[in-house]
1. Restricting the search to segment 257-286, which residues are of a type in the set (Asp, Glu) and under 9 Å from residue 214 (Cβ atoms)?
2. Which condition breaks for residue 45 when tested against (1) at pLDDT 85 or above; (2) closer than 30 Å to residue 287 by Cα?
3. Would you be able to tell me the number of residues in segment 210-240 that are small (Gly, Ala, Ser) and in contact (Cβ under 8 Å) with a residue 60 or more places away in the chain?
4. Return the only residue of 102, 111 being surrounded by 19 or more Cβ atoms within 10 Å (Cβ to Cβ) and under 23 Å from residue 256 (Cβ atoms).
5. I need the full set of residues from segment 240-256 which are surrounded by fewer than 18 Cβ atoms within 10 Å (Cβ to Cβ), among the hydrophobic types (A, V, I, L, M, F, W, C) and under 16 Å from residue 212 (Cα atoms), in order please.
6. If a residue counts only when it is under 12 Å from the mean Cα position of the chain (by Cα), which helices (runs of 4 or more DSSP H) contained entirely in segment 190-302 have at least 1 such residues?
7. Small (Gly, Ala, Ser) and modelled with pLDDT under 85: which single residue out of 107, 99 fits that description?
8. Read through the list (1) of a type outside the set (Gly, Ala, Ser); (2) touching a helix residue (DSSP H, G or I) at 6+ places or on another chain (Cβ under 7 Å); (3) assigned to a helix (DSSP H, G or I), then give the number of the only condition that residue 119 fails.
Amino acid sequence: MEQLPRGYRVGGWEVTAPIASGGWATVYAGRPTGGGTGPEEVALKFLTTDGLAPRQAHKVAESARREVEFGRRNRHPRLIRLLDSVVLSEPDRPPLDGATVLVMERAECSLRDRLGTEVTEAEGARLITGICEGLAQLHHAGWLHGDLKPDNVLLMPDGSVKLSDFGLATELTGTHAYAPPMGTFDYLPPERWRAPLGEHGVRVRQSADIWALGIMIHEVFASGASPFPGATPVSRAAAAQEYAEGRAPLRMDNAVPPFWRALAADCLAPTHDGRAAHTAAGLLARITARQEAESSRQAGRTASRPAVWRRRRVRAALVAVAVCGAIAGGWSYAVHGSGLPSPARSGEPAATMADAAGRIRVFNVEQRCGDRTDRQPECSLGLAIDPLRPYTIDNVVPTRVWHGDVLAVDCQLPSGMPIIDEAGTHSDRWFRVRLPAGSARPTAWLPAVRTKDRPAVPQCPRPTPVR
């Protein structure tokens, strides 16, 4: 499109300066031409069809229509706001005649502009949280983005994060939608490369956005690098296909912190079925739970050292008094996992952990696995080695359990790593359970979201993190 002069008018707006130019769109900075209560600065996105073949022109016009429809029907703080849309009538200037202009909020930059620099985990967490908030709202409203990538994540002057560019956004019909065969190679999920093109376009589902989110999580912490090797988008797409077909492992940069590595791995499950359990709302809940847990731990660490010492001295004195009184009165004690004494009459055997252990039944929210009796591997559940670390594959004992299994439980930990299941239920409570004889470890940890039982067992002492 020809360069527009400063002051060129579009409805109630005027051009002030160019911002960027893409394949089919050019974006200018703009401002209102008269008074009013609107923003002082806006972005004017020009979508022109001049010089395009009829099929291409139709795609541009359809993209503009989608974006206008989406913008008028959806409002959220994490979605860029559409302020106005104008169709130009410029018969004397053919390149502009019939062009659609979208008037939107003005951003400071895109996430793409930030990817070349190293970010702290706190800053990366803030950026990804904003993306998840926007995506969760988008999916809750029954839409999918269709072209989620760093270029379409905008950073506002106040630092907030907003999703933008809804030209490929599609409203779901049931569990899927149909979109034009377009997108950005680096962010297309593996199944898109094999999806047939029908009369209404390519069949797409919201799990495609989850795949793109996983790529971006990796890029945020790895200075813009994709988790799939290759010098070009096509070669990286081929590497993603090898991974999806089981011919190559998923390798992530060591710069990605453990929690975010686990989140990205869930987003990058190689199939739609594998990603479907990890919804945008569920991922956001996991992030929020972790942030709340970190805030609680940070608040605990800020307690004054003298106060901590005083509490410890008081506890030690109480235990000493209790033990001395017990000996004098003919009582004996067995210490449970909570560190609290449990009385036993003199002459009776002291209660042991084996005596005090309760029972707990494993629960798998996936109903199709709950009814099985053949114990297929995909229906098993893993028990954690350390309840204070992320619940990932490197933190799971070799012994597996299944829905309906009944395990002996020793004690409970009320504030471990927050876990969310496939139905969105989340908890930071864990139960220490015993493994069958001959297992590699005598005990392991079952997250509370994997059981409906709440056995009356004592509190576990906080375990030393396993390295």
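The values are calculated or read from the model by the stated rules, or taken from the named source; none is laboratory data. Quick caveat, the model's predicted, so the values are computed rather than measured. Neighbour counts are summed over all protein chains in view; Cβ atoms, including those assigned to glycine, are modelled from backbone coordinates with ideal geometry.
1. 266
2. Going through (1) at pLDDT 85 or above; (2) closer than 30 Å to residue 287 by Cα one by one, residue 45 breaks only (2).
3. 3
4. Result of the check over 102, 111: 111.
5. 250
6. The helices (runs of 4 or more DSSP H) meeting that bar are 207-221, 258-267, 272-276, 280-301.
7. 99
8. Every condition holds for residue 119 apart from (3).
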